[in-house]
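**Student:** Encoded as structure tokens, here's the structure I'll be asking about.
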Amino acid sequence: MHSEAALREPLILGHKTYHDITNDIVGPIENKAPRGWYILTTIAGLIACYGIGCIFYLFSKGIGTWGLNKTVDWAWDITNFVWWVGIGHAGTLISAVLLLFRQKWRMAVNRSAEAMTIFAVIMAATFPLIHMGRLWLAYWVFPLPNQFGSLWVNFNSPLLWDVFAISTYFSVSLVFWYIGLIPDFATIRDRLTKPGWKRAYSILSFGWTGNAKAWTRFEEVSLVLAGVATPLVFSVHSVVSMDFATSVVPGWHTTIFPPYFVSGAVFSGFAMVLTLLLVMRKVMHLEAYITVKHVEYMNIVIIVTGSIVGVAYITELFVSWYSGVEYESYAFINRATGPYWWSYWAMMTCNVISPQLFWVKKWRRNLMFTFVMSLVVNTGMWFERFVIIVTSLHRDYVPSSWTMFHPTWVDAGIFVGTIGIFFTLYLLFARYFPVLALNELKSILKVTGESYKADAAKHQHH
Amino acid sequence: MVNKVIYAVYEDPEVLKGAARKLVTSGVKVKDVYSPFPVHGLDPIIGIKRTRLGIASFMFGITGTSLALLGFWYFMIHDWPMNIGGKPNWTLYHNLPAFVPVMFEFTVLCAAHGMAITYLIRNKTLPGMPARNPDPRSTDDKFVMEVRTADNHGHSGEQITSMLRETPVFEINERAY
């Protein structure tokens, strides 16, 4: 059997058997949910209802209820869209890229990160859909035969590329997630005794048997899906960035946008994974599986991607001056010193300076500090999108059109509402789904489990 | 003689692998193994061939690429060539760079979903299918090896059972079928 160096920290703490893993993960599904779960779900659900109410108000009144005007015709809607898509990048990165790199630590975090991805992408997709105003015509984004003559969608347009990128990303992530869930649903199915619940999980598990050939196919599917999902992760935010980069708006017309957006997305995605997991490991007692080492690994990803983002900001600033294009230079001077200076400096502080604090080992292994930092990073990343979108639009080529953007309560209500919907979905997931990938954790137990590692080390000394 | 199916239950994947190797070298055919997670290195021992799902995925992928190209040609070149900023869509070749993102996305879409659907059908795992693992513990912490007497005419059921008893087996269950 493959054994691992004693120097590597164990990824499953204490002495666990295969059965313990099943107990620890499936137990909370069988038992009554703790009171905290009901309280949190109620709060999230109420916020979600408020958001849905705001969306209905928007539909009945129109886009005029947002703070948009003829100069700033994209603002919170698209800021929120890009923010949520960015958050949705961590899940598939963890499950696909880290699978290709054979990172064992991904196994404790991939399931919940993928769930987060799916919910975040749903929230992201909400914004362009409701921005259409007439939601019932949303199918016009697809190249469908129609009664308007030879009227097709424009395949030259990055907005259409985005339709394909987001829908492909969403559906492939969903399939990837579900294929991993099938064997774990089977574990729950074979364990539950209440007939109604047993039936429900039996349907969800698709009649999984876990025979040798099924597992061979499972591994092949996971590997190939990871292989195709890896370029997909990078393509999605690249395409999102092209919505801006292919335009001629100063501040948007930038060739570094794709890599800059992708690293920003991974940066914010990991921050959101940490926000959720740090709470979940405590509430569901998963400390043995989501260890400080896991948190440290994710914080290292945050330093790396945060530094890439920082370099991108500074490169952008330098090039705006070096290019000699006065409109471009003004766009950046206006960002830093114009009426929206506070959002620019909020972005700089949260995204460039704060992740550098993780160079201190003690801090990146401190859970409370990490939790606060994860919120700071997500705030910073929201401001990044706001800065790019609103400050670039509110003052461009024609000074007579210069104006300010002021969000309305509908803007704010829908944004807060999507956070509510997101958390409601996540809490439902945490209650009814296996939150850790049981089968994958079991496969690494005897290699990276603390007690097994100690036994192996003892064995070597004799 | 009644055909029997013998289930040997193990507690560790490595132990099961050793037992399977022992049985196979003495000429017993192991029908299948049910486990809570993939047991690496088991397939060559019990004679399971490599899956061709990867090839299927590639086929679905190139089908997607071809369909996307056909679509671009029809929508953008043949049926209604758009003229954007004095740059008309006259040929597919000249307009191809703008079509690359969707071509890529559609390739991935077809490869991933085609493969996933093939996988579910080949494994006979579809919504509403009943559970077919012989022992419910095989999705928790037990590794179950299935040997059928019908596959093994050179050995009697008793011989196979006694061979299994020599391995560190957790329990042996027999069923007529």
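**Student:** Is it the case that some residue within the stretch A:357-366 is buried (at least 18 other Cβ atoms within 10 Å of the Cβ) and closer than 21 Å to residue A:107 by Cα?
**Tutor:** Checked against the condition, which is being buried (at least 18 other Cβ atoms within 10 Å of the Cβ) and closer than 21 Å to residue A:107 by Cα, the stretch A:357-366 yields at least one hit.
**Student:** In the list A:210, A:149, which residue meets the criterion of being crowded, with 24+ Cβ neighbours inside 10 Å and over 20 Å from residue A:241 (Cβ atoms)?
**Tutor:** Numbers: A:149 fails: crowded, with 24+ Cβ neighbours inside 10 Å.
Checking each option against the conditions leaves just A:210.
**Student:** Taking residue B:66, is it under 26 Å from residue A:237 (Cα atoms), touching an Asp or Glu at 6+ places or on another chain (Cβ under 9 Å) and either part of a helix (DSSP H, G or I) or facing chain A (nearest Cβ under 10 Å) (or both)?
**Tutor:** No, not satisfied.
**Student:** Output the number of residues of the stretch A:391-450 satisfying the condition of being hydroxyl-bearing (Ser, Thr, Tyr) and either within 27 Å of residue A:23 (Cα to Cα) or outside any helix (DSSP H, G or I) (or both).
**Tutor:** Going through the stretch A:391-450 one residue at a time, the tally reaches 8.
**Student:** Restricting to the stretch A:210-228, name every residue that is within 7 Å of chain B (Cβ to nearest Cβ) and touching a residue at least 12 places away in the same chain (Cβ under 8 Å).
**Tutor:** Going residue by residue through the stretch A:210-228, those that are within 7 Å of chain B (Cβ to nearest Cβ) are A:210-221, A:224-225, A:228.
Hits for the stretch A:210-228 are A:210, A:218, A:221, A:225, A:228.
**Student:** What residue, among those in the stretch B:1-19 that are β-branched (Val, Ile, Thr) and surrounded by fewer than 17 Cβ atoms within 10 Å (Cβ to Cβ), is nearest to the other protein chains (Cβ to nearest Cβ)?
**Tutor:** Out of the qualifying residues, it is B:15.
**Student:** Would you confirm, using the coordinates I've provided, whether residue A:228 is under 27 Å from residue B:99 (Cβ atoms), at pLDDT 90 or above and hydrophobic (A, V, I, L, M, F, W, C)?
**Tutor:** In short, yes.
**Student:** Test residue A:159 against the criterion of being surrounded by fewer than 23 Cβ atoms within 10 Å (Cβ to Cβ) and more than 9 Å from chain B (Cβ to nearest Cβ), and give yes or no.
**Tutor:** yes
**Student:** Which numbered condition trips up residue A:319, out of (1) buried (at least 17 other Cβ atoms within 10 Å of the Cβ); (2) of a type in the set (Val, Ile, Thr); (3) more than 17 Å from residue A:382 (Cβ to Cβ)?
**Tutor:** Unmet for residue A:319, out of (1) buried (at least 17 other Cβ atoms within 10 Å of the Cβ); (2) of a type in the set (Val, Ile, Thr); (3) more than 17 Å from residue A:382 (Cβ to Cβ): (1).
**Student:** Would you please name the residue that is nearest to the chain's Cα centre (by Cα), looking only at residues in the stretch A:58-112 that are among the β-branched types (Val, Ile, Thr) and over 30 Å from residue A:407 (Cα atoms)?
**Tutor:** If we filter the stretch A:58-112 for residues that are among the β-branched types (Val, Ile, Thr), which is where we start, we get A:63, A:65, A:71-72, A:78-79, A:82, A:85, A:87, A:92, A:94, A:97, A:109.
Subset that is over 30 Å from residue A:407 (Cα atoms): A:92, A:94, A:97, A:109.
Numbers: A:92: 8, A:94: 10, A:97: 14, A:109: 13 Å.
Of everything passing the filter in the stretch A:58-112, A:92 is nearest to the chain's Cα centre (by Cα).
**Student:** For the stretch A:177-209, name all the residues that are more than 9 Å from chain B (Cβ to nearest Cβ) and assigned to a loop (DSSP other than H, G, I, E, B).
**Tutor:** Result: A:192, A:193, A:194.
**Student:** Provide a single number: the residues in the stretch A:277-291 that are within 13 Å of residue A:108 (Cα to Cα), crowded, with 16+ Cβ neighbours inside 10 Å and in contact (Cβ under 8 Å) with a residue 40 or more places away in the chain.
**Tutor:** 8
To keep it simple, each residue is scored yes or no on (1) in a helix (DSSP H, G or I); (2) surrounded by 16 or more Cβ atoms within 10 Å (Cβ to Cβ).
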{"site": "A:5", "(1), (2)": "no, no"}
{"site": "A:21", "(1), (2)": "yes, yes"}
{"site": "A:42", "(1), (2)": "yes, no"}
{"site": "A:54", "(1), (2)": "yes, yes"}
{"site": "A:59", "(1), (2)": "yes, no"}
{"site": "A:70", "(1), (2)": "no, no"}
{"site": "A:77", "(1), (2)": "yes, yes"}
{"site": "A:86", "(1), (2)": "yes, yes"}
{"site": "A:112", "(1), (2)": "yes, yes"}
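**Student:** Consider residue A:153 against the criteria (1) assigned to a helix (DSSP H, G or I); (2) within 14 Å of chain B (Cβ to nearest Cβ); (3) β-branched (Val, Ile, Thr): it satisfies all of them except one. Which criterion is unmet?
**Tutor:** Here residue A:153 meets the rest and fails (1).
**Student:** Scanning the stretch B:20-36 for residues that are surrounded by fewer than 23 Cβ atoms within 10 Å (Cβ to Cβ) and closer than 24 Å to residue A:186 by Cβ, which turns out nearest to the other protein chains (Cβ to nearest Cβ)?
**Tutor:** In this case the residue turns out to be B:32.
**Student:** Pick from the stretch A:403-442 the residues that are surrounded by fewer than 21 Cβ atoms within 10 Å (Cβ to Cβ) and more than 29 Å from residue A:42 (Cβ to Cβ): which of them is nearest to the other protein chains (Cβ to nearest Cβ)?
**Tutor:** A:403
**Student:** So which residues in the stretch B:82-111 are more than 10 Å from every other protein chain (Cβ to nearest Cβ) and of a type outside the set (Gly, Ala, Ser), if there are any at all?
**Tutor:** B:83, B:88, B:90, B:91, B:92, B:93, B:94, B:96
**Student:** May I ask you to verify whether residue B:46 is in contact with a strand residue (DSSP E or B) (Cβ under 8 Å, 6 or more places away or on another chain), among the β-branched types (Val, Ile, Thr) and at the interface with another protein chain (Cβ under 8 Å from one of its Cβ atoms)? Break it down into steps so the answer makes sense when it comes.
**Tutor:** On the way: in contact with a strand residue (DSSP E or B) (Cβ under 8 Å, 6 or more places away or on another chain): yes; among the β-branched types (Val, Ile, Thr): yes; at the interface with another protein chain (Cβ under 8 Å from one of its Cβ atoms): yes.
Yes; evaluated as a whole, the condition is true for this residue.
**Student:** Let me ask another. Pick out the one residue from A:407, A:434 that is closer than 25 Å to residue A:57 by Cβ and in contact with a helix residue (DSSP H, G or I) (Cβ under 7 Å, 6 or more places away or on another chain). Talk me through it step by step, then tell me what you get.
**Tutor:** Values: A:434 fails: closer than 25 Å to residue A:57 by Cβ.
When all the criteria are applied, what remains is A:407.
**Student:** Here is a further query. Return yes or no: is residue A:301 of a type in the set (A, V, I, L, M, F, W, C) and without any contact (Cβ under 8 Å) to a residue 24 or more places away in the chain?
**Tutor:** Judged against the criteria, residue A:301 is not a match.
**Student:** Sticking with this one: Do we find that residue B:54 is at the interface with chain A (Cβ under 9 Å from one of its Cβ atoms), surrounded by fewer than 19 Cβ atoms within 10 Å (Cβ to Cβ) and out of contact with any Lys or Arg (no Cβ under 8 Å at 6 or more places or on another chain) in this structure?
**Tutor:** Taking the combined requirement at face value, the residue satisfies it.
**Student:** Looking for something closer than 30 Å to residue B:21 by Cα and surrounded by 16 or more Cβ atoms within 10 Å (Cβ to Cβ) - is there at least one such residue anywhere in the stretch B:103-120?
**Tutor:** Yes, that holds for at least one residue.
**Student:** Give the number of residues within the stretch B:121-157 that are surrounded by 16 or more Cβ atoms within 10 Å (Cβ to Cβ), assigned to a helix (DSSP H, G or I) and either without any contact (Cβ under 8 Å) to a residue 60 or more places away in the chain or more than 9 Å from every other protein chain (Cβ to nearest Cβ) (or both).
**Tutor:** Summing the residues that are surrounded by 16 or more Cβ atoms within 10 Å (Cβ to Cβ), assigned to a helix (DSSP H, G or I) and either without any contact (Cβ under 8 Å) to a residue 60 or more places away in the chain or more than 9 Å from every other protein chain (Cβ to nearest Cβ) (or both) in the stretch B:121-157 gives 2.
The values are calculated or read from the model by the stated rules, or taken from the named source; none is laboratory data. Note that the structure is a prediction, hence the values are computed from the model and not measured. Positions of Cβ are backbone-derived with ideal geometry, glycine not excepted, and every protein chain shown enters the neighbour counts.
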